[in-house]
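Here's the structure, in structure tokens; my notes come after.
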Amino acid sequence: MEFDENTLQAFEASYKAGYRGFETDIRMTKDGELFITHDSNLERTTNGTGVLEEKTADEIKALDTKKGNKMLLFDEFVKWIASKGDMEYVEFELKTKPEKYYPEDKLHEYCDRIYKSVMAVKPANALFIITSSDERGLLYIKNKYPDAQLLWIVSKPVNDETIDKCLSLGIPRIGAMMEGTSRAMVKKAHDKGLIVSLWPSHTLDDIMLGVYLGSNTLCTDIPIKTKKFITKKAKWIKAEF
């Protein structure tokens, strides 16, 4: 990983490198503050312990990442997006698992705040997508905000089962595991009208595999290395950053 994940420093460095497409993760503290972070448990990425959803906002603000950065508030990230004005693509992942921390009333508040905040700063021609592996949040947003762009994340490859499930949810995008996915299944998903995103993309080999499989979008932990490789050595890849 090239940067300290989900920090303003990482987003700014990628932006300066020419990226206008980003992905991030959002969690809620027990007193209702939203933070940008992937894990529920704090140990991997911060100097804290325990579970974010069991902490107050002040407790999270007091933490540092393992690389010495502050935890990024969702509102700060939204302001950063607004300050740029030229974002083209952003995925906002609803991190609402373990589900016990997000009962229906809290889940709805969480979804409403995220959707309204990001749509308020979305440039007219940008594509902002709400993603999640938790069907509850996606279906709530789908029903309440019919114009929302959604992506369902599944820890399985693209196959008949996951294609059918995504279609049954009425969600036009699937984010599936690269491992076990075939080019034929990606084509089948495309033929059924689905847009495919594959993960993970930790290495250049992952990027190339995703391209060969026919993935529409790929997120990467190595944005600078990926951009340099595509622009200098793989110009045949039609990529937007």
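No value in this document is a laboratory result; all are computed from the given coordinates. Only a predicted model underlies this, so the values are computations on that prediction, with no experimental measurement involved. Reconstructed Cβ throughout: ideal geometry from the backbone, glycine too, with neighbour counts over all protein chains shown.
Descriptive notes on the structure:
- For the pair Lys238 and Ser168 in one chain, pulling the backbone fully straight at 0.36 nm per residue adds 22.1 nm over the alpha carbon distance.
- Inter-label distance for Asp105 and His38, nm, one decimal - labels placed 7 Å from Cα along Cα-to-Cβ: 3.4 nm
- Of all beta bridges that DSSP places with both ends in segment 154-241, some 0 percent have antiparallel geometry.
- Whole-angstrom gap from segment 1-75 to segment 138-179, using each part's C-alpha centre: 25 Å
- Taking Thr96, Thr56, Thr226 in turn, the Gaussian network model of the chain (Cα-Cα springs below 10 Å) assigns the largest fluctuation to Thr56.
- Think of it as helices only: each DSSP H run of n ≥ 4 in the chain is worth -39500 (n - 2.57), and spread over all residues that comes to -11500 deg cm²/dmol at 222 nm.
- Pairwise Cα inverse-distance average, inverted: Kirkwood Rh of segment 117-241 (Å): 15.4 Å
- Cα gyration tensor shape for segment 1-147, rounded if a/c is under 1.5, else prolate or oblate: oblate
- Relative contact order [Cα under 8 Å, 6+ residues apart], the chain, whole percent: 15 percent
- Antiparallel DSSP beta bridges within segment 1-147, percent to nearest 5: 40 percent
- The charge dipole of the chain, taken about the Cα centre with unit charges on the Cβ atoms of Lys, Arg (+1) and Asp, Glu (-1), comes to about 940 debye, rounded to the nearest 20.
- In the structure shown, the pairs Lys79/Lys116; Lys84/Lys238; Lys16/Lys227; Lys156/Lys188 are assessed against 18 Å; a Cα-Cα span above that value is assigned to Lys84/Lys238.
- Trypsin sites (Lys or Arg not before Pro) lying in DSSP loop within segment 144-241, provided at most 13 other Cβ fall within 10 Å: Lys192, Lys235, Lys238
- In nm, spacing of pseudo-spin labels at Ser155 and Lys97 (7 Å Cα→C-beta vector): 0.5 nm
- Under 20 Å from the Lys79 label point (7 Å along Cα→beta-carbon), backbone N, segment 110-127: 113-123
- Computed over neighbours whose Cβ is under 12 Å from that of Ile60, the net charge equals -2, Lys and Arg +1, Asp and Glu -1.
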